[in-house]
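Enquirer: So that we are looking at the same thing, I have put the structure below in C-alpha cells.
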Amino acid sequence: MGSAEPAGGRPAPRSQADVCIVGAGPAGLTAAANLRRLGVDRVVVVEREVAAGGIPRHSHHTGYGLGDLHRLLTGPTYAQRLVTRAVRAGVDLRVETSALDWTDDGAVTLSAPVGLSHLQARAVLLATGCRERPRAARLVPGTRPAGVFTTGQLQQWVYLKHWPVGRRAVVVGAEHVSFSALLTLRHAGVQPVAMVTQHPRVQTYAALRWITASAHGVPVLTGQSMVTVLGRSRVESIVTRDVVTGESREIPCDTVVFTGEFVAESELARLGGLHLNAESRAPRVDGGQRTSRPGVFAAGNVVHPAETASAAATCGALAARAISEYLAAEAWPRDDPIPLIPEPPVMWVSPSALRPRQTGVPHGHYILRVSEFVRAARLEVSQGGSVLWSGALKAATPGRSVHLDVGWEASVRAGSDPVTIRVRPLG
C-alpha cells in the first residue's frame, strides 16, 4: 500500500468521513442513501466516470427498477432516480474521482481534476461493480483493428458519445447481455449478421431471443469457438471453429462485440490486500458483507458478477445496515470466516464465506453460477467429507443464477475445513 504525494513535496490534503463508498452504481448509490436515512452523517461516494448511475445510465432498454423501486424503467431513468434520491438524502457525491490506492494508515487515495487527496473514513464500502472480459482476456488472437467492443463500450459509444459504430456486426456470446447488444446495434443502424457462442445453446429466455434475434433474422450459431479476428485498419471478418467437428467458418463483418463473461472490478481490493476468491477474483465477504480487512465492506456486482441492477441495489441496502451497525458498535469479528469453495462446474458462490451463528445473507439466499449447462443433478454442500445439505437441481445455465437456500449453516463446524459447494449427477 501507499501512494505518491503531489509533485513539489507538498502533502496531499486529507479529509474525514464516516463512510467512503467507491462506485456510484445501483449498489453504491442505494447504500449511500440508506446510510443517511439510518443517521450516518458524513457519507462520501466517489465515482470515476463523469456522471453517477453506473451501467444503467448507458443501457437504454427497459426492465430496470422493478425489484427495488417497484417501477419498470429504462436504464437512464432508473440511474437518475438513484442519483436524485442519494443527493436529496445529503450524500456527498463526487464524480470524476478515482480511488487509486490506500495509504499506510488506511485512508483512500483519491484522484480528481483538482489533484490528489486522501479520505480517511471510519468504514469503506467497495461497490465497484464488474465488467465484461475483453478480447485480450479471452485470448482471441489476430490483428488489432478498429471495430472491437464489449457491450459496455458499445453502449457508451452509441448512447453517450453518439459516435458511428459500423455496418455489419457479429456478437460473441449468447447471454442476456448479448441480446441487449443486439438492441444497441440496431439503434445505431448496424446490421447484426450473426451471434456466435461456444455453448450448445443460448443462455437467455426464449422470449428475449425471439424479440431481439429471431424476429429480425439474426442467426445464432451455437457450438462455435472464436479462432481469430482479421483485418488491418478495420475489422474485416472473424473466424470460428465448430467445437465438435473442428470445421472453420469465416464470417465477414466490420464490427465485433464481445459480450458477457463478467469479472469483478477488484483492483482496489487487491491493492488493499483484501482476500480475493481464487475463482472469481471478487473480494471474499461473509453474510454481513464484511471483507477480510476490518472496516471494509463490499456489495453489489463486485461480489456477484453480474446480477441485475435491482439485485445489486438490494445488496447495497443490506450493506448500509451492516455498516451502520458496525459504526455503532465499533466492533469487528475476531474469528476468521470459513470459506465456501466452489467445485467445477460451479464457478463462484456469494457470499463466499460464513461465520458460525451468522444470521442471514444478502437476498435471503446464496447465489452461484455454473460454467456449463447442467441437467438433472444434485446441488451439495459439504464440509470435511460430511454432507451438510443436498437438494435437487433440475437445471442450471451459464450466465444465469442458481439460488442456494440457507439453513444448513447451523451444521457448519467452526475452526474446521472449508465448505465445498458442488454439483453431483443423479444416481
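Here, each number is a calculation from the coordinates, and none is a lab measurement. What you see is a predicted model; the values in this text were computed from it and never measured. So basically every Cβ, Gly included, is an ideal-geometry build from the backbone, and we count neighbours across all protein chains shown.
Enquirer: Residue separation times 0.36 nm, minus the C-alpha to C-alpha distance between residue 50 and residue 376: what's the value?
Expert: Value of the extension gain: 112.7 nm.
Enquirer: Which ³J(HN,Hα) values, rounded to whole Hz and listed in residue order, are derived for region 265-273 from phi using the Karplus coefficients 6.51, -1.76 and 1.60 in 6.51 cos²θ - 1.76 cosθ + 1.60 with θ = phi - 60°, glycine and proline given as x?
Expert: Residue by residue, region 265-273 yields 7, 10, 4, 5, 4, 5, 5, x, x Hz.
Enquirer: Ranked highest first by average number of other Cβ atoms within 10 Å, how do 239-252, 170-183 line up?
Expert: Those peptides, ordered most packed to least, come out 170-183, 239-252.
Enquirer: Based on the Cβ-Cβ distance of residue 144 and residue 122, what FRET efficiency does E = 1/(1 + (r/R0)^6) give at R0 = 51 Å, to the nearest 0.05?
Expert: Efficiency, from the Cβ-Cβ distance: 0.65.
Enquirer: Now a separate question. Above 17 angstrom, tally the Cα pairs of region 262-395 and express them as a % of all pairs, no decimals.
Expert: Here the tail beyond 17 Å accounts for 60 percent of pairs.
Enquirer: Given 0.36 nm per residue, what is the gain on full extension from residue 414 to residue 332 after removing their alpha carbon distance, in nm?
Expert: Net length gain for the segment: 27.8 nm.
Enquirer: Related question: Before rounding to the nearest 500, sum -39500 (n - 2.57) across all DSSP H runs of length at least 4 in the chain and divide by the residue total; then give [θ] at 222 nm in deg cm²/dmol.
Expert: -5500 deg cm²/dmol
Enquirer: Quick check: from the Cα gyration tensor, does region 197-240 come out rounded (a/c under 1.5), prolate or oblate?
Expert: Judged from the Cα gyration tensor, region 197-240 comes out oblate (a/c at least 1.5, b/c at or above a/b).
Enquirer: In region 45-147, which GluC sites (Glu not before Pro) are in a loop and have at most 15 other Cβ atoms within 10 Å, using DSSP for the loop call?
Expert: 96
Enquirer: Considering only C-alpha atoms, what is the centroid distance from region 231-273 to region 376-427, in Å?
Expert: Cα centroid to Cα centroid, the span is 32 Å.
Enquirer: Next question. Rounding to the nearest 20 debye, state how big the charge dipole of region 8-67 is about its Cα centre with +1 on each Lys and Arg Cβ and -1 on each Asp and Glu Cβ.
Expert: Computed charge dipole of region 8-67: roughly 140 debye.
Enquirer: Peptides 287-299, 338-350: what's the order by average Cβ count within 10 Å, highest mean first?
Expert: 287-299, 338-350
Enquirer: Is the chain rounded, prolate or oblate when judged by the Cα gyration tensor, a ≥ b ≥ c being the square roots of its eigenvalues, rounded requiring a/c under 1.5 and prolate requiring a/b larger than b/c?
Expert: In terms of gyration-tensor shape, oblate.
Enquirer: Same structure again: Could you identify which residue out of 313, 79, 194 has the top mean-square fluctuation in a GNM of the chain using Cα springs shorter than 10 Å?
Expert: Among 313, 79, 194, the largest mean-square fluctuation in the Gaussian network model of the chain belongs to 194.
Enquirer: Which of rounded, prolate, oblate describes region 134-260, given a ≥ b ≥ c as roots of the alpha-carbon gyration tensor eigenvalues and a/c under 1.5 marking rounded, otherwise prolate only if a/b is larger than b/c?
Expert: Oblate, since a/c reaches 1.5 and b/c is not below a/b.
Enquirer: May I ask you to list the GluC sites (Glu not before Pro) in region 251-310 that are in a DSSP loop and have at most 15 other Cβ atoms within 10 Å of their Cβ?
Expert: none
Enquirer: Please give the charge dipole size of region 134-260, origin at the Cα centre, charges +1 on K and R Cβ atoms and -1 on D and E Cβ atoms. Round to the nearest 20 debye.
Expert: 260
Enquirer: In whole percent, what relative contact order does the chain give with Cα contacts below 8 Å and a gap of six or more residues?
Expert: Answer for the chain is 15 percent.
Enquirer: A further question on this structure: Choose one of 206, 420, 108: the residue whose Cα lies farthest towards the positive end of the charge dipole of the chain (beta-carbon charges +1 Lys, Arg; -1 Asp, Glu; about the Cα centre).
Expert: 206
Enquirer: With springs only between Cα atoms under 10 Å, which of 191, 155, 358 fluctuates most in a Gaussian network model of the chain?
Expert: 358
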